[in-house]
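The values are calculated or read from the model by the stated rules, or taken from the named source; none is laboratory data. Bear in mind that the values here come from a model prediction, so they are computed numbers and not experimental data. Here the Cβ positions follow ideal geometry from the backbone for every residue, glycine too, while neighbour counts run over all protein chains shown. The accessibility values were calculated without ligands, DNA or RNA, using every heavy atom of the protein model including side chains. Shrake-Rupley method; radii C 1.70, N 1.55, O 1.52, S 1.80 Å.
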Amino acid sequence: MIPQKTAKTKLLKEITKCRACRFCVDVCPTYQASIGVESMSAFGRLQILKYLLKGRLELDDAMTFCLYTCLQCKRCEIICKSKGQNLEICELIQLGRSLVSPTLVKGGKNAAI
Amino acid sequence: MQQSKIMISQALATLKDNMARTGDPMGFTQPYWTDWAEKTDMPRKGPTILLTARMYQMLPYVIQETSLVETIRPLLPLLSVKAFAKMMAMGNAVAGEAVIKFKARNAQNIRLKGNTALTGILAVLRQTGLDPAYLYENEPYSGVLLYDLGLEKDIAPHVYKVYSHLKDQGVKQVVTVDPHTTYMLRTIYPKYIRNYELRVIHYMEYLFENTKKITRHGSCGLPDDFVLHDSCVMTRSLNIIHEMRRIMNCLDIKFLESENSRQNTGCCGGPVEYAYGNLSKNISQARIHELASISKNIIVACPICMINFSKYEKELGIRIWDMGELLHAAIL
């Protein structure tokens, strides 16, 4: 089990490796089903995590929805790999969830990372 | 999207509570996963076990759980987070098992499919000379849902518990039947346990190594052609792609491929159904229409894909076959 501080640092470090090519956006099944909302794609979720960690976003209903609707299907990772970046996107989103879930379990209204 | 925090908060709290109380994601205390094995005469102990991890057996109850969530959803704006959580927790602990089990009596079709699939898998393993043991009521759940939802603090003790339980039973090799359990035991467990010693093999990987020993006996009533649906975890996390195709070829069963197949396969939408039924439906509809336009007989090799696509059987006039069901028809 990774300590929270290490998880945050790892997450931010990995997210900065994203070159924002956005090839992962179109292939995401939740993006396709949401008629083009970028927050519902792999790239969108990484950005949400980044700004949640930096404290610029608050974990509200919309952010929770975006984070917990990731299917963990790894379709984004295949395209990321093919473009030479090879980020383990689903693992990063899962790591992000592991930072949020303990506070959500408590049911607090202002749960934040 | 509305009330998402309450929904997820409640889903996480219920799952956490169920797992802590019973070690089962549904929170059931009575074993519901052993019925299929009653007439199989599998030994209770052995170095190689068949691990279903309750995945196929819990399908009838999963249908009821998700339909309950949809029923409760309109009430959410009227309740505070704490009140709702308390109500759900109490209801779940006191009467959840009885209510869900009672309602699940109607899900006979999916129960039959699951049991047939498991029997078929066991039959083909036995045909190739492997006679695995089964832990019956002591069979553990892998904890995949805890991991997927990021309940890191709860997954660690569960992993240790399952691993030591398997070691205590003298298990050296685990033959799994679904991709999610395979992924957990092969990839996630070793991250928590030093000197991890279990050999984890999916049944299709085992059959792939022993295709010469597979002989087709039955098959009356099998359709002429099928279309394959690859599971996301199976292809992209486990890289089990050619195995299913080779087994089909070996059994002389004709199949077609969809445009989105192998590593580019489309998701069934199952992983988000626990809380977001509409989104899950949109995703599964897109995929099932793609598959149904190729063949009316669709092969899947994952219980979650099976349950999610089976909802469209009547509407689209299709038949969802689990790989295990197909093996059952071809071998027995």
Open item on the list: So the check is Cβ under 9 Å with 6+ separation or different chains; which pairs have a first residue in segment B:310-327 that's open to solvent by less than 10 Å² (accessible area, probe 1.4 Å) and a second one that's of a type in the set (D, E, K, R)?
Closed with: B:ILE320/B:LYS113; B:ILE320/B:GLU313; B:ASP322/B:LYS113; B:GLY324/B:LYS113
Task: Qualifying helices (runs of 4 or more DSSP H) (wholly inside segment B:163-220; at least 3 residues being crowded, with 22+ Cβ neighbours inside 10 Å) - done: B:179-183, B:203-209
- [ ] Test each condition in (1) under 19 Å from B:ALA123 (Cβ atoms); (2) of a type outside the set (Gly, Ala, Ser); (3) within 24 Å of the chain's Cα centre (by Cα) for B:ILE214 and report the one that comes out false.
- [x] (3)
Task: Meets criteria (at positive phi, open to solvent by 30 Å² or more (accessible area, probe 1.4 Å) and over 18 Å from the mean Cα position of the chain (by Cα)) for B:ASP224 - done: no
Open item on the list: Quick check on my filter: what residues within segment B:28-49 are of a type in the set (A, V, I, L, M, F, W, C) and in a loop (DSSP other than H, G, I, E, B)?
Closed with: B:PHE28, B:TRP33, B:MET42
TODO: Return yes when B:SER237 is closer than 26 Å to B:GLU205 by Cβ, more than 16 Å from the chain's Cα centre (by Cα) and not acidic (Asp, Glu) and no when it is not.
DONE: no
TODO: Can you work out which of the residues in segment B:249-275 that are in contact (Cβ under 8 Å) with a residue 24 or more places away in the chain and open to solvent by 60 Å² or more (accessible area, probe 1.4 Å) is nearest to A:PHE23 (Cα to Cα)?
DONE: B:GLN263
Open item on the list: Looking at B:ASN278, B:ASN239, B:ASN282, can you tell me which residue is on the phi > 0 side of the Ramachandran plot, within 14 Å of chain A (Cβ to nearest Cβ), among the polar types (S, T, N, Q) and surrounded by fewer than 24 Cβ atoms within 10 Å (Cβ to Cβ)?
Closed with: B:ASN239
Open item on the list: List the residue pairs whose Cβ atoms are under 8 Å apart, where the first residue sits in segment B:1-30 and is at positive phi and in contact (Cβ under 8 Å) with a residue 24 or more places away in the chain, the second is of a type in the set (Phe, Trp, Tyr) and part of a loop (DSSP other than H, G, I, E, B), and the two are 6 or more positions apart or on different chains.
Closed with: B:GLY23/B:TYR141
Open item on the list: Here's a check for you: in segment A:37-96, which residue that is outside any helix (DSSP H, G or I) and basic (Lys, Arg) is least open to solvent (accessible area, probe 1.4 Å)?
Closed with: A:LYS74
TODO: Go through (1) open to solvent by 40 Å² or more (accessible area, probe 1.4 Å); (2) in contact (Cβ under 8 Å) with a residue 24 or more places away in the chain; (3) closer than 20 Å to B:TYR274 by Cα; (4) not hydroxyl-bearing (Ser, Thr, Tyr) and name the single condition A:CYS28 misses.
DONE: (1)
Open item on the list: Any residue that is out of contact with any Lys or Arg (no Cβ under 6 Å at 6 or more places or on another chain), part of a helix (DSSP H, G or I) and within 13 Å of chain A (Cβ to nearest Cβ) - is there at least one of those in segment B:244-253?
Closed with: no
